[in-house]
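The values are calculated or read from the model by the stated rules, or taken from the named source; none is laboratory data. Keep in mind it's a predicted model, so treat the numbers as computed, not measured. In this analysis, Cβ positions are derived from the backbone assuming ideal geometry, glycine residues included, and neighbour counts consider all displayed protein chains.
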Ligand code: FES
């Protein structure tokens, strides 16, 4: 066991950790998006709230939740370590460096976009997860979502964070496949396209909530805010 | 096109590994556009020697794009602005009159500067020594066709073997990672039957040697593939990762 864990210490092994936790988090985002889409059911938030309660009540989901937090923490620690050791590998920087000629800005700044996403995550958990799951708030989750997005500042922070997340995923998705070795001349372009579509789905999907709820498009916000459960 | 151009060269000068180094600017009037980049450096050095000054130290050997010795970071790009080209194969017609060209050595903690533009690339030798070989008993060479190799694999192995070990991948990578080099060497042997017996230890040992040299970790930006003078694909890095997973899961 220890011997097989050893393989995760090397430079390639650390990337494997990054890729595996990253793909796991990608999968989680899809599930999260599915749950959020229930907010658009125009049923006063009933389906969304019930889904939330179902997740909390399910022992398997609760276990997966631990894995999820573990995955996030590993992804962050490993990312920090990689960023740090990679900086050390080039102590003297170039006076002139035209990196834009050979790679994209987002592919080179995963640590930076990841850090901003982390800050967003803290805010996000503070608004929804902590009050409901730890402090046991009485209010309906759907109601909290709808009212939080009434603030223009808050809604725009969300949109910005989701666009950044999309860019992070656009590189991360195909990068994970490359790291896991599932990349060759045959699939390379298919994986890149799939990654971009996935990133777009996540970025646009999640951005839609602050936008729709803030501007009350199609009455999604008033539908929930005017329902007392 | 003008037959000759006037240039300014901003060159990194460093006396030895310990020296902190600095840039020095040289005027280069009337540079023939037919010259190669290294020939222009020769002209400069010739002048410096005549003036009793220290010539600029730079690595070079074959001057025909096959040895990988020439290593210069020209205007922020490894081996200069041209794709799929070594510095020695780069010609002055790709520069314009009045331009200032900045020339720096490869920068990586694994490649310490020896003098000016010359860096110590023995980290690569250590990686090769760790597994970039096959063990065969001496004796008569076996018949060339006694080991059948599929055409596709032979071609792919050949593409990997085109690596000249120049270090442009490390120089250009934001992480100073040697993965493209390492993967080319691992991939080349992993694809061939001759490489099969040592396949698993090879990848493990070579990755260890890579990490010990202080080379960074790959984050798949793809910069190496774009700057590699032999245009080696990062799909070899994917193969390396596959080999590593395979070896890591099955060993012990
Ligand atoms: S001097 Fe041999 S490749 Fe440039």
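Yes/no matrix, rows are residues, columns are (1) part of a loop (DSSP other than H, G, I, E, B); (2) under 19 Å from residue B:66 (Cα atoms):
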{"residue": "B:141", "(1), (2)": "yes, no"}
{"residue": "B:175", "(1), (2)": "yes, no"}
{"residue": "B:180", "(1), (2)": "no, yes"}
{"residue": "B:188", "(1), (2)": "no, yes"}
{"residue": "B:210", "(1), (2)": "no, no"}
{"residue": "B:214", "(1), (2)": "yes, no"}
{"residue": "B:226", "(1), (2)": "no, yes"}
{"residue": "B:229", "(1), (2)": "yes, yes"}
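The conditions of being in contact (Cβ under 8 Å) with a residue 24 or more places away in the chain, away from chain A (no Cβ under 14 Å), within 15 Å of the ligand (Cβ to nearest atom) and not in a helix (DSSP H, G or I) are met by residue B:164.
Of A:89, A:67, A:95, all but one fail to be at pLDDT 95 or above and surrounded by fewer than 17 Cβ atoms within 10 Å (Cβ to Cβ); the exception is A:95. State all residues of segment A:124-150 that are surrounded by 13 or more Cβ atoms within 10 Å (Cβ to Cβ), without any contact (Cβ under 8 Å) to a residue 60 or more places away in the chain and not in a helix (DSSP H, G or I); if no residue qualifies, say none. A:137 - this is the single residue of segment A:124-150 that is surrounded by 13 or more Cβ atoms within 10 Å (Cβ to Cβ), without any contact (Cβ under 8 Å) to a residue 60 or more places away in the chain and not in a helix (DSSP H, G or I).
For residue A:199, the test of being assigned to a helix (DSSP H, G or I) and under 13 Å from the mean Cα position of the chain (by Cα) is passed.
Considering only residues in segment B:32-59 that are buried (at least 19 other Cβ atoms within 10 Å of the Cβ) and in a loop (DSSP other than H, G, I, E, B), the one that is nearest to the ligand (Cβ to nearest atom) turns out to be B:59. Residue B:9: under 27 Å from residue B:230 (Cβ atoms), surrounded by 12 or more Cβ atoms within 10 Å (Cβ to Cβ) and touching a residue at least 60 places away in the same chain (Cβ under 8 Å), yes or no? Spelling it out, residue B:9 is indeed under 27 Å from residue B:230 (Cβ atoms), surrounded by 12 or more Cβ atoms within 10 Å (Cβ to Cβ) and touching a residue at least 60 places away in the same chain (Cβ under 8 Å). Does segment B:77-91 contain any residue that is more than 20 Å from residue B:176 (Cα to Cα) and either more than 16 Å from the chain's Cα centre (by Cα) or more than 15 Å from the ligand (Cβ to nearest atom) (or both)? Yes, segment B:77-91 has at least one match.
Check segment B:215-224 and report whether any residue there is closer than 27 Å to residue A:112 by Cβ, without any contact (Cβ under 8 Å) to a residue 40 or more places away in the chain, touching a helix residue (DSSP H, G or I) at 6+ places or on another chain (Cβ under 6 Å) and in the same structural domain as residue B:240 (by TED's automatic domain parsing). The answer is yes, given that some residue of segment B:215-224 is closer than 27 Å to residue A:112 by Cβ, without any contact (Cβ under 8 Å) to a residue 40 or more places away in the chain, touching a helix residue (DSSP H, G or I) at 6+ places or on another chain (Cβ under 6 Å) and in the same structural domain as residue B:240 (by TED's automatic domain parsing).
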